[in-house]
Amino acid sequence: MKRLFLIFLILAALVLIPFAIFGKRIEEMMSLENTVELMKNQGRWAWAAGIGLLVIDLLLPILGTVVMSALGLIYGPIIGGILASLGSIGAGLLAYGLCRSAGRDIAVRIAGKDGIEEGERIFSGEAGGWMIALSRWMPVLPEVMACMAGLTRMPLPRFVIALACGSVPLGFTFASIGAAGTERPVMTLVLSACLPPIIWLILRPVFFRKNPAKRP
């Protein structure tokens, strides 16, 4: 478990390093107004620019919530929410896919066979779904948890559903805030934090009804 935690720390460091280097500059550049202008400059492809910015959040210190708010301001709470959700889901799938394609051997070298087997047990069970769903509204953790899910080969259908449980409420919440012309009221954190576990509670029986032994 200690070596599995080492992977977590390494992934967290890889996410935080770009923020440490470029974060302040990016934050100054990516105000809501500047982000809206950047996207509108793409004309009919503004929606694609917004989704693209959210997807590359894995690699660059993009302020994802600002992009989601900008999508809501441009397209309204419904279309903007759909686009924001797709971007967040795309970022999670990219992280999962890259780390899963890296191969189990690399993960074993870092965490050891026992560590990876423990990670596989956690992410293949119910706990993995909770971690993915809840991590989407927290800083740094979305990318790290998606990468961990890929390295430990979490079943793709379960990962996608858990990812959507966290990403959709987040996307619609910030798109609605952008459409309303406000930035970060307290309701944002409340809604984003409360909806993912409720949705996952509703959907989780689908994955464990046939094989309850997998619950850790």
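Within the bounds of region 84-103, is there any residue that is assigned to a loop (DSSP other than H, G, I, E, B), modelled with pLDDT of 80 or more and out of contact with any Lys or Arg (no Cβ under 9 Å at 6 or more places or on another chain)? Outline the logic, then answer.
Within region 84-103, the first condition is being assigned to a loop (DSSP other than H, G, I, E, B), and the residues that meet it are 102-103.
When the remaining residues are screened for being modelled with pLDDT of 80 or more, the result is none.
Checking region 84-103: not a single residue is assigned to a loop (DSSP other than H, G, I, E, B), modelled with pLDDT of 80 or more and out of contact with any Lys or Arg (no Cβ under 9 Å at 6 or more places or on another chain).
Would it be correct to say that residue 14 is at pLDDT below 75, more than 27 Å from residue 164 (Cβ to Cβ), surrounded by fewer than 17 Cβ atoms within 10 Å (Cβ to Cβ) and of a type in the set (A, V, I, L, M, F, W, C)?
no
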## Note on the structure
Conditions (1) at pLDDT 85 or above; (2) more than 30 Å from residue 34 (Cβ to Cβ) -> residue 201 fails only (1)
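From 137, 130, which residue is in contact with a Pro (Cβ under 9 Å, 6 or more places away or on another chain) and in a loop (DSSP other than H, G, I, E, B)?
Values: 130 fails: in a loop (DSSP other than H, G, I, E, B).
One residue alone meets the criteria, 137.
Residues checked against (1) in contact (Cβ under 8 Å) with a residue 12 or more places away in the chain; (2) not small (Gly, Ala, Ser):
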| position | (1), (2) |
| --- | --- |
| 109 | no, yes |
| 117 | no, yes |
| 126 | yes, yes |
| 143 | yes, yes |
| 147 | yes, yes |
| 155 | yes, yes |
| 164 | yes, no |
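The rows are residues; the columns are (1) out of contact with any Cys (no Cβ under 7 Å at 6 or more places or on another chain); (2) at pLDDT 90 or above; (3) among the hydroxyl-bearing types (Ser, Thr, Tyr); (4) part of a helix (DSSP H, G or I).
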residue	(1), (2), (3), (4)
26	yes, no, no, yes
46	yes, yes, no, yes
57	yes, no, no, yes
62	yes, no, no, no
65	yes, no, yes, yes
76	yes, yes, no, yes
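The values are calculated or read from the model by the stated rules, or taken from the named source; none is laboratory data. Since the model is a prediction, treat every value here as computed from it, not as a measurement. A quick note on method: Cβ atoms are made from the backbone with ideal geometry, for glycine too, and the neighbour counts reach across all protein chains shown.
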